Amino acid sequence: MSEDVKEISFEELGLTKALDKMTAKELRALCMAKLPMITGASSKSKDELVETIKDLFGMNDEDGKVSPYKDQIFSIKRQIRELRVKKESITERADREYLRRKINKLKKRTRRLANAV
């Protein structure tokens, strides 16, 4: 069982929303498709599935809900700060607008990553 856990990381699951916000049907499909080490997924309730997945990846509620994407979020925020500095030095309106949109997309991405748990 420990060998299977090492083969897949939480980031590789490709979740688009938090585990708690997924339906039981979505969680079962996730377990069957990407987490074969979880047995009996079809007979478990939503709460049991969420708890099993969190236990599998070591995400306990006592941890204070720290996102497993923390490093990615910090690197994206670093990019945003650099782009803001660059934006201030540009005089072309079209270039400023391009950077503004890029910053906006990066901010949305950090929010999605933070809410993915």
Fill in: Sum of -39500 (n - 2.57) over DSSP H runs of 4+, divided by residues of the chain (222 nm, nearest 500)
-19500 deg cm²/dmol
Fill in: Formal net charge of residues neighbouring ASP47 (Cβ-Cβ distance under 11 Å; K, R +1; D, E -1)
0
Practice prompt. Taking every Cα atom in the chain, find the radius of gyration and the maximum pairwise distance Dmax, and write them in Å.
Written response: 18.6, 61
Discussion item. For the chain, take the longest principal axis of its alpha carbons; what is the angle in degrees between that and the long axis of helix 24-34, to the nearest 10 within 0 to 90?
Written reply: 90 degrees
Practice prompt. Going by C-beta contacts inside 10 Å, put TYR69, TYR98 in order with the fewest on the left.
Written response: TYR98, TYR69
Worksheet item: Tilt of helix 70-89 relative to the longest C-alpha principal axis of the chain, in degrees (0 to 90, nearest 10)?
Response: 10 degrees
Worksheet item: Could you give the angle, 0 to 90 degrees to the nearest 10, between helix 93-114's Cα long axis and the longest principal axis of the Cα atoms of the chain?
Response: 20 degrees
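Only the coordinates and a few stated rules stand behind these numbers; no lab work does. What you are looking at is a predicted structure, and each value in this text was computed from that prediction instead of being measured. Every residue, glycine among them, receives a Cβ derived from its backbone with ideal geometry; neighbour counts consider all protein chains shown.
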